[in-house]
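See structure below.
The values are calculated or read from the model by the stated rules, or taken from the named source; none is laboratory data. Every value quoted in this text rests on a predicted model; they were computed, and no experiment measured them. Because the Cβ atoms are built from the backbone with ideal geometry, glycine has one as well, and the counts that use them run over all protein chains shown.
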There are 4 protein chains.
Amino acid sequence: MPATNSAQTPRTYHLHRERQRRRILGAAEKLFAEHGIDRVTMAEIVSVSGLRTSTLYQYFSRKDDIVWAILEEVLGDLAARAKEASGGANTALAKITALLELMADDLIKNQTKVRFLAQFDAMYARDWPAERLLKLEAQISPEGFQYFGRLIREGIDDGSLRADLDPELTMHAVMNAVAGAQRRLASLGSRVELEYGHPIDKLFRALWR
Amino acid sequence: MPATNSAQTPRTYHLHRERQRRRILGAAEKLFAEHGIDRVTMAEIVSVSGLRTSTLYQYFSRKDDIVWAILEEVLGDLAARAKEASGGANTALAKITALLELMADDLIKNQTKVRFLAQFDAMYARDWPAERLLKLEAQISPEGFQYFGRLIREGIDDGSLRADLDPELTMHAVMNAVAGAQRRLASLGSRVELEYGHPIDKLFRALWR
Amino acid sequence: MPATNSAQTPRTYHLHRERQRRRILGAAEKLFAEHGIDRVTMAEIVSVSGLRTSTLYQYFSRKDDIVWAILEEVLGDLAARAKEASGGANTALAKITALLELMADDLIKNQTKVRFLAQFDAMYARDWPAERLLKLEAQISPEGFQYFGRLIREGIDDGSLRADLDPELTMHAVMNAVAGAQRRLASLGSRVELEYGHPIDKLFRALWR
Amino acid sequence: MPATNSAQTPRTYHLHRERQRRRILGAAEKLFAEHGIDRVTMAEIVSVSGLRTSTLYQYFSRKDDIVWAILEEVLGDLAARAKEASGGANTALAKITALLELMADDLIKNQTKVRFLAQFDAMYARDWPAERLLKLEAQISPEGFQYFGRLIREGIDDGSLRADLDPELTMHAVMNAVAGAQRRLASLGSRVELEYGHPIDKLFRALWR
DNA sequence: AATGAATGAGACTTCATTCAT
DNA sequence: GATGAATGAAGTCTCATTCAT
């Protein structure tokens, strides 16, 4: 055997594995967003991803594992993009605006991901192991939160915000409201557009523009 | 049998039916909030409500009917209380504040109901027959919305709000954000309190106080 | 409704339930003896008992429950017959002989039951909840053991048995050997007859006759 | 490559193969004794033996092959030790006692092997190809059996045993009882010790001491 | 010889709902 | 109106084994 072979084979294996994994997660994410996590069966994921049942179980040994994997992916991806988006901004306000714009974009471009998060908030977040969740959230939260807290303090200092505000509390309250607003819009989706006559990202952007 | 009886029996009968119905809905609402609508089985509702399976089916002939009945009840109840709460207020701002306070109170006092709505938003709202939903929502929305639209217009007139705001759009955007914030807090429940160190209604009230 | 009806209906229900239960246990016992407990599938039990899968699960909600039920039945039945068989005997020796004869008879007449016990000894007894097993065994053991212990003591007194025997120990040792012998013969079944040229009960009876 | 190598390589190869084989059988024997043959999966054997699934299949192409291999090993080993143990004894009685002591020792020192045989008796012996089994048993049985038959005949001659005994029948009956007793004790294992208050080999030895 | 990947067949169990009295 | 029994249709997951390199 040539020396390169002994090094390449594992790499090929790994590549293949990663590709298969992606197929499964892609199929699952789509189905979850469309029909609701609990209503999607393994058989459907199998069918859409094009593998066989037993093959799929070699990648994820229980349905929950798929949900976790998607959650990790979605949050990780969001964290990365948030960091990148706020990188170009100088002031705290600019950074936050960048984050908000990102969330608005996601409403259109990554609606399935936001919808997934909405379902997760509504149905799983309370029951699932706290440590695991905290570890995941740690990846994403700090950036935006830091900036936002700073922004509030600045606002209080320059008099544009009431002096009796608790920066921490306000920050969490607003962040929750923003996340709740975004996820609700993603969940209701086209229903909102029909009833309100506006695309959902416009309804979201109206909050700060 | 005496003539009076023929009038009383239907009444007792009706009372009994109503009581049974309440037992079922009460059990279901509690279970739905605790474990998630899709994860609650008819058998569990049967077990908690204390009836037998086949008896339950005399009241609700499918699981969805129970979900609808709870939705109707929750929204109807909310509408009634909203009307009452805003009745004592004079200005649009006062009326809206009253509505927000009501929503904050519900976070503590009717958490299961809010949680139910959160799940409904996240998982059912998109799929379910639009007409039926619209009819239900019609009961509740107008009040708060009207006031709010008026408030925005006042703000624009007196210069405290930017003149280029679209009152309709702003109204819907804010209403969505408020609902999203409230429901997200209810969904995450005690998890939020542990992480943020504040009771959830305080996080909600921080949005306007 | 006639008064008798309100009393009879439950009785009919109960009778029916009992009959169905028997069908299931009968089918399972037979299959277990033939193919080995672990190799029998629920589908096979369903098929032989003539019910539908979901109906069977209304009677036994897991496979283990069937195994337990059979164990209870077999041991209970054995206890009853042992009591009856030893009832007519006067001396301890006669009582024990009656018990041994019963065990020999079972080798022919209740071979499936003995085979079931053999499998249970070999594969389950070590793992299963001790309390539950002890409770079951309490139903059957005392009789034979008591007699046997007394017999040993008599033998020691009259000099026909060595004085240094520990009656308790001897009793358990012999009882284990007898049970082991019986169950092994039932397990090997016709194989023994072919190889040794004797029916299995004869090989068992040779131990004391 | 030097000429010596072409001779040595096969030898190392063979050694390696033998070692791998031993790892597999060792892992399987342990697992079989602990959880029951039917309940042990190939995956578990793979995991404990430290190989990969597909490697294991290069050594044993089906699960049954592993069971047979262990049976062969256990019986062969027993035969060898029995021959050795009885070698030093002169009388038939001494030889048999040596065999019994060996079986008692095995209860402690080779409990997994005895347990394996117990399961084999209870679950496989009836179904498996007779010829193959007979061939295996031929390795071990003759010794002890011969001695035992002779012993019985001596006993009849000197009047210490009843004259109407059939030596063959008695021999098989007792041998079965002894094997049944030993295997039952191994199967029940610590359960027996807890209930009876004696180590299992003591209960076994009480049969002849 | 070793291994990563794949897989057919099937196991157990659940559940919403209907039927018959 | 209440209830015990029944059940079709699925759902999740497992396992021994094979294939291809």
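Being more than 16 Å from DNA strand E (Cβ to nearest atom) and either outside the structural domain of C:R209 (by TED's automatic domain parsing) or surrounded by 14 or more Cβ atoms within 10 Å (Cβ to Cβ) (or both): is that true of C:D38 here? Judged against the criteria, C:D38 is not a match. The single condition from (1) in a loop (DSSP other than H, G, I, E, B); (2) under 28 Å from A:A27 (Cβ atoms) that A:L161 fails is (2). Hey, does the stretch D:41-48 have a residue that's closer than 22 Å to D:A125 by Cα, in contact with a helix residue (DSSP H, G or I) (Cβ under 7 Å, 6 or more places away or on another chain), of a type in the set (A, V, I, L, M, F, W, C) and at pLDDT below 95? Checking the stretch D:41-48: not a single residue is closer than 22 Å to D:A125 by Cα, in contact with a helix residue (DSSP H, G or I) (Cβ under 7 Å, 6 or more places away or on another chain), of a type in the set (A, V, I, L, M, F, W, C) and at pLDDT below 95. Taking into account only those residues within the stretch B:81-132 that are within 14 Å of another protein chain (Cβ to nearest Cβ) and among the acidic types (D, E), which is farthest from B:E193 (Cα to Cα)? Within the stretch B:81-132, the match that is farthest from B:E193 (Cα to Cα) is B:E131.
Within the stretch C:143-156, not a single residue is touching a residue at least 40 places away in the same chain (Cβ under 8 Å), within 12 Å of chain D (Cβ to nearest Cβ) and surrounded by 20 or more Cβ atoms within 10 Å (Cβ to Cβ).
Residue-wise test of (1) in contact (Cβ under 8 Å) with a residue 60 or more places away in the chain; (2) crowded, with 17+ Cβ neighbours inside 10 Å; (3) among the hydroxyl-bearing types (S, T, Y); (4) away from DNA strand E (no atom under 16 Å from the Cβ).
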| position | (1), (2), (3), (4) |
| --- | --- |
| D:T55 | no, no, yes, no |
| D:K63 | no, no, no, no |
| D:E72 | yes, no, no, yes |
| D:D77 | no, no, no, yes |
| D:V114 | yes, yes, no, yes |
| D:A125 | no, yes, no, yes |
| D:L133 | no, yes, no, yes |
| D:R162 | no, no, no, yes |
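Out of the residues in the stretch C:3-32 meeting the condition of being among the polar types (S, T, N, Q) and more than 10 Å from DNA strand F (Cβ to nearest atom), tell me which one is modelled with the highest pLDDT. Restricting to residues being among the polar types (S, T, N, Q) and more than 10 Å from DNA strand F (Cβ to nearest atom), the top hit is C:Q8.
When the stretch D:33-57 is filtered for residues that are near DNA strand F (Cβ under 8 Å from one of its atoms) and in a loop (DSSP other than H, G, I, E, B), the ones remaining, listed by number, are D:V40, D:T41. Taking the conditions exactly as written (in contact with an Asp or Glu (Cβ under 8 Å, 6 or more places away or on another chain), basic (K, R) and either closer than 21 Å to C:E34 by Cβ or not in a helix (DSSP H, G or I) (or both)), does C:R183 satisfy them or not? For C:R183, the condition - in contact with an Asp or Glu (Cβ under 8 Å, 6 or more places away or on another chain), basic (K, R) and either closer than 21 Å to C:E34 by Cβ or not in a helix (DSSP H, G or I) (or both) - is met.
Within the span defined as the stretch C:182-189, one or more residues are at the interface with another protein chain (Cβ under 8 Å from one of its Cβ atoms) and either among the β-branched types (V, I, T) or free of Cβ contacts under 8 Å to residues at least 60 places away in the same chain (or both).
Inspect the stretch C:10-23 for any residue being part of a helix (DSSP H, G or I), within 14 Å of chain D (Cβ to nearest Cβ) and either under 24 Å from D:A186 (Cα atoms) or not β-branched (V, I, T) (or both) and give the result as yes or no. Checked the stretch C:10-23: no residue is part of a helix (DSSP H, G or I), within 14 Å of chain D (Cβ to nearest Cβ) and either under 24 Å from D:A186 (Cα atoms) or not β-branched (V, I, T) (or both). For C:A173, the requirement of being in contact with a helix residue (DSSP H, G or I) (Cβ under 8 Å, 6 or more places away or on another chain), free of Cβ contacts under 8 Å to residues at least 24 places away in the same chain and at the interface with chain D (Cβ under 8 Å from one of its Cβ atoms) is met. Annotation note: Cβ proximity below 6 Å between a residue of the stretch C:9-32 that is in the same structural domain as C:Q119 (by TED's automatic domain parsing) and within 15 Å of DNA strand E (Cβ to nearest atom) and a residue that is among the β-branched types (V, I, T) and modelled with pLDDT of 95 or more (sequence gap 6+ or interchain) occurs for no pair.
Taking the numbered list (1) facing chain B (nearest Cβ under 8 Å); (2) assigned to a helix (DSSP H, G or I) in turn, A:D201 passes all entries but (1).
When each of B:I108, B:I45 is tested for being within 16 Å of DNA strand E (Cβ to nearest atom) and either in contact with a Leu (Cβ under 6 Å, 6 or more places away or on another chain) or β-branched (V, I, T) (or both), the lone residue that passes is B:I45.
Would you point out which residue out of A:A82, A:A89, A:A98, A:A104 is outside any helix (DSSP H, G or I) and in the same structural domain as A:R205 (by TED's automatic domain parsing)? One residue alone meets the criteria, A:A89.
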